[in-house]
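The values are calculated or read from the model by the stated rules, or taken from the named source; none is laboratory data. Just so it is clear, the model here is predicted, and its values are computed rather than measured. Virtual Cβ from ideal backbone geometry, glycine too; neighbours counted across all protein chains shown.
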C-alpha cells in the first residue's frame with residue numbers, strides 16, 4: 001500500500017467522521033489517505049453511541065479515509081490495526097500501552113485512545129481520538145488518562161499527527177494484504193486480558209469466561225465455564241468477574 005496523506009485541518013467540527021463521510025459522498029474519487037483533523041470537536045462519534053468531545057487545544061481527533069475492497073466483515077479489524085499503530089507510537093513517546101478489545105488503547109489500565117472504523121463510499125473510515133493535552137478526566141465515565149498526564153509535558157498536536165500517520169502505514173498495509181492475520185501477533189502481544197477471566201456486556205446481556213484468543217477477523221473468542229468457545233463480534237469488556245469465596 002502506498003499512501004500519500006493529505007491532512008485537512010478544521011478549527012471546529014461536530015465530528016471528524018461525519019465531516020469525512022460527507023466529503024466521501026460528495027467526492028467519488030476521494031484519494032485514499034485523506035485525513036480530516038479537528039482542533040476542536042463538539043460531538044465526535046464513539047462506539048455504542050458514545051459522544052467524544054474534545055476541547056480546543058486538548059486532544060488529537062482525526063479521521064482517515066482508506067480505499068479498500070475488503071469485505072464488510074473485515075472492516076472492524078482495520079480499527080484493530082490502527083490500535084496497534086497507536087500503541088507503537090505511544091511506545092516511541094515513552095508510554096507503554098496495552099490494547100483492550102475491540103478498539104481501546106490503555107496506559108496503566110486507563111483509556112488514552114479510542115478508535116472507530118466505519119464503512120463509507122469506496123472504502124473504510126478510521127476515526128481516532130487520542131487524549132493528548134487533557135489535564136482532567138472527571139468528565140469521562142471510565143478511568144482515563146492523557147499523554148500530558150502521563151509525561152507531565154504538553155504536546156503540539158499538529159506535529160504529532162504526521163508521525164502518528166507514518167506509524168499507521170505499515171500496520172494498515174499488513175491489514176489490507178492479509179486482514180487480521182497480518183496484525184495478529186502485534187495485537188496479541190499487547191492484548192491486556194488475553195488468557196484471563198473477562199466479563200462482556202452487549203446491550204443488556206452479560207457473558208463471562210476466559211479470553212481465549214481472537215478469530216480470523218478479529219472477533220473475540222470467549223471460553224465459557226463449560227469449555228465452549230464462543231465467537232463475540234460486538235460488545236464491551238467490563239470489570240472482570242468477582243472471585244467467589246466459599247466459607
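Worth a mention:
- A single member of 90, 64, 116 is touching a strand residue (DSSP E or B) at 6+ places or on another chain (Cβ under 9 Å) and not in a strand (DSSP E or B), and it is 90.
- Enumeration of residues in the stretch 29-49 that are closer than 25 Å to residue 70 by Cβ and either at pLDDT below 90 or not assigned by TED's automatic domain parsing to the domain that holds residue 105 (or both): 44, 45, 46, 47, 48, 49
- Scanning the stretch 146-179 for residues that are in contact with a helix residue (DSSP H, G or I) (Cβ under 7 Å, 6 or more places away or on another chain) and free of Cβ contacts under 8 Å to residues at least 60 places away in the same chain yields 154, 155.
- Looking across the stretch 107-127, the residues that are within 30 Å of residue 195 (Cβ to Cβ) and surrounded by fewer than 21 Cβ atoms within 10 Å (Cβ to Cβ) come down to 108, 109, 110, 111.
- Within the stretch 4-18, the set of residues being touching a residue at least 40 places away in the same chain (Cβ under 8 Å) and surrounded by fewer than 18 Cβ atoms within 10 Å (Cβ to Cβ) comprises 5, 7, 9, 12.
- Candidates are the residues of the stretch 184-214 that are over 30 Å from residue 168 (Cβ atoms) and touching a strand residue (DSSP E or B) at 6+ places or on another chain (Cβ under 8 Å); the one that is surrounded by the most Cβ atoms within 10 Å (Cβ to Cβ) is 209.
- Residue 99 touching a helix residue (DSSP H, G or I) at 6+ places or on another chain (Cβ under 6 Å), modelled with pLDDT of 95 or more and assigned to a loop (DSSP other than H, G, I, E, B): no
- Beta carbons closer than 7 Å, at least 6 apart along the sequence or on distinct chains, pair a first residue in the stretch 180-208 that is at pLDDT below 95 with a second that is in a helix (DSSP H, G or I) for 194/188.
- As a summary of the residue check, residue 143 satisfies the conditions (1) closer than 19 Å to residue 236 by Cβ; (2) without any contact (Cβ under 8 Å) to a residue 12 or more places away in the chain except for the one numbered (2).
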